[in-house]
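Here is the structure we will look at, set down as structure tokens.
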Amino acid sequence: MSNPDSPPAHEVALILDAVNAMFTRLRHSHTEPPIPPPVVASHVSVEYIEAFWPHVARLIADDANGHGMSFEFDGQRRDLEMARRDPELRAHAGNDLFALSILAPMRVMNELLNAATSTWAKELRAQGMGCPLKYSLDAEEYVSLRTLLPHRDDGESPVGANAPTLVMGGTTTAITLCWNLLWRLPGAYRELTGKHVDRATIDELWTATRELIYRIGGGSLIAFVSFASACTSRVDALLWEGMTDLQLARVDGRYVWTMNEAFFQRTLEMVNRIHLAQQGHYLGCAALYARAAPLALAGELSDLSDGARQPTIFSELVRWITVVARAEYFPVFVARR
């Protein structure tokens, strides 16, 4: 249970809203000429994402189980069982009951995205001048590049402003964030209630968490980068050390994520460092505007909508994570008695 004498927690969604309020939201629209340069760049980003996505969809469809957890690339098979046996992952999980159930699917997802990126990059290079999409990009035109690239923490191998960076720079970070929130859920629930989470409740908690993820995706990139940076000092790490500074609270009958003062200060520090990179505006993640056919995911687990509206690439990524979590992670938790 939380300590009643501890400082009040900050609701994550409200902090994100406050960061977003620092900027003007532009509409992702072609209908209001003259179209501002950031909107033009956002539309171009959508074109790149839509060109990249079929490579992801094909690899996911390769899994007969409908989970996207088994695929072939360069003549080699990669699947969940191989990831589970990986000595590095097993050592990383240690005695954490839930960690391996998080790390293995996260590893396969990242491998699949890397394979799709490699195939797409080869396709772009092969088409050369005959392709309307360029391989090399001007980082200053894209807020995702001018924001993310200067703040990578490896400091060793600078990443060029190229098409794969445009589509992958935030995608892998977003997926890792989702899995780390899933990893944090059991502990945060136990701290809030004094009880172990059951199978039905973990699904309920993830539903509430997905609402936050969509809120992050629809907001300023500064809010996303600052929040992720507060979660970890190394975004390429599998499990983020700062997640324990995130807690759950019950507000008006719903679960919400909160951050303690230490997490809030880390977020604020990053906001102050990079707010100028946003250049006074935001449009939200371009993947929210990029439409996609539904992924070939297992129907009984997939939460597929009634088809009234074509899903976005962003929504399909979240649905993919949900399908895998329900198949491979949620069964770890006992059913409600």
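The values are calculated or read from the model by the stated rules, or taken from the named source; none is laboratory data. Quick caveat, the model's predicted, so the values are computed rather than measured. Cβ placement follows ideal geometry from the backbone for every residue including glycine, while neighbour counts extend to all protein chains displayed. Surface areas here come from the heavy atoms of the whole protein model, side chains and all, with no ligands, DNA or RNA. Shrake-Rupley method; radii C 1.70, N 1.55, O 1.52, S 1.80 Å.
Per residue, the chain reaches -16000 deg cm²/dmol at 222 nm when only DSSP H runs of four or more residues are counted, each adding -39500 (n - 2.57).
Average 1/r across all pairs of distinct alpha carbons in the range 54-209, invert it, and you get the Kirkwood radius: 18.1 Å.
Rounded to the nearest 10 square angstrom, Ile313 shows an accessible area of 0 square angstrom against a 1.4 Å probe. Spin-label pair Glu47-Asp17: with each label point 7 Å from Cα along the Cα-Cβ axis, the two points sit 3.7 nm from one another. Using the Stokes-Einstein relation with a Kirkwood hydrodynamic radius computed over Cα pairs, the translational diffusion coefficient of the range 1-143 at 37 °C and a viscosity of 0.692 mPa s comes to 168 µm²/s.
Each of Phe330, Phe224 has its accessible area taken with a 1.4 Å probe; listed largest first, they run Phe224, Phe330. Each Lys and Arg adds +1 at its Cβ and each Asp and Glu adds -1 at its Cβ; summed about the Cα centre, the range 183-259 shows a dipole of about 80 debye. Kirkwood hydrodynamic radius, the chain, all distinct C-alpha pairs: what's the number in Å? Across the chain, the inverse of the average 1/r is 20.9 Å.
Over all other residues within a Cβ to Cβ distance under 15 Å of Ile60, the charged ones net out to -3, with Lys and Arg as +1 and Asp and Glu as -1. Of the DSSP H helices in the chain, those that are both long (alpha-carbon extent of 18 Å or more along the helix axis) and hydrophobic (Kyte-Doolittle mean at least 0.0) are 37-61, 99-127, 171-193. Most simply put, the chain has about 90% antiparallel DSSP beta bridges, counting only bridges with both residues inside it. Here the spin labels are modelled as points 7 Å beyond Cα on the Cα-Cβ line, and at Ala249 and Glu261 they lie 1.5 nm apart. Set the Förster distance to 56 Å, then compute FRET efficiency between Val40 and Glu269 from the Cβ-Cβ distance, nearest 0.05. Efficiency at R0 = 56 Å is approximately 0.95.
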